[in-house]
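Read through the structure below, which is laid out as structure tokens, and then see the notes.
What follows is calculated from the coordinates using simple rules that are stated; it is not laboratory data. What you are looking at is a predicted structure, and each value in this text was computed from that prediction instead of being measured. Quick reminder, even Gly has a Cβ in these numbers, built from the backbone with ideal geometry, and neighbours come from all protein chains shown.
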Amino acid sequence: MLRDLTFSRIMFAAMALGFVAGSAFALMPPEVYVKAIESSPIKVIARVKSVKISEESKYYIEKKVEFVLIKSYGPVKPANVFYGSCKSSTTETIVGGTIFYYPNVGDEVFVTLDGVGDGDDSGYITSYTPVTDELKNILDNAGLYGLEYGIGKVSVKF
């Protein structure tokens with residue numbers, strides 16, 4: 001009986017620890033990502049001109065993305081050529097609250113950055129959404145009011 005009780009306690013402790021540890025490495029609440037996009041001063045449509053690797057680790061690749069401005073919608077208009085940083089996962093197991101992006105040369109995207117990226121000084125990408133005709137139409141007719149912010153991307157509200 002004592003052996004069964006000890007085994008039960010060990011299993012309960014292991015499950016509780018697994019639950020706590022699992023939650024600690026989960027995504028943050030959606031509001032955190034929404035707030036990051038809302039507070040980003042750069043909100044633009046841009047085309048990806050180049051993607052360079054700035055750091056590699058076992059779990060991710062840090063990238064520096066060079067953008068060419070097409071149209072600005074945010075409170076800060078970047079230079080015609082500006083930069084943003086992001087991470088791309090190198091593994092199927094993703095932990096933590098980091099959103100990973102996979103930019104490609106030629107992508108036309110609605111992108112938001114948490115700061116002005118000029119030269120070697122890059123703002124961090126807070127959202128990265130491929131541009132569609134619907135997205136362009138909403139931005140042209142309703143501006144940012146027509147967008148709904150999500151986890152690392154935007155969508156059309158109406």
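The label-point distance for I70 and S89, in a model that sets each label 7 Å from Cα toward Cβ, rounds to 2.8 nm. With both residues required to sit in the range 47-145, DSSP beta bridges show an antiparallel share near 90%.
Using the Cβ-Cβ distance between L144 and S54 with R0 set to 35 Å, the FRET efficiency works out to roughly 0.75. The simple spin-label model puts a point 7 Å past each Cα toward its Cβ; for E38 and N80 those points are separated by 3.5 nm. Full extension of the chain between D133 and S155 gives 6.7 nm of extra length, using 0.36 nm per residue less the Cα-Cα distance.
Taking a sphere under 10 Å around the Cβ of V51 and counting the other residues whose Cβ falls inside, with K and R at +1 and D and E at -1, yields a net charge of +2. Straight-line cross-link reach from K35 at under 17 Å between alpha-carbon atoms covers these lysines, not counting any fewer than eight positions away in the same chain: K43, K153, K157.
Taking packing as the residue-averaged number of other Cβ atoms within 10 angstrom, the listed peptides 51-62, 103-114, 123-134 run from highest to lowest as 103-114, 123-134, 51-62.
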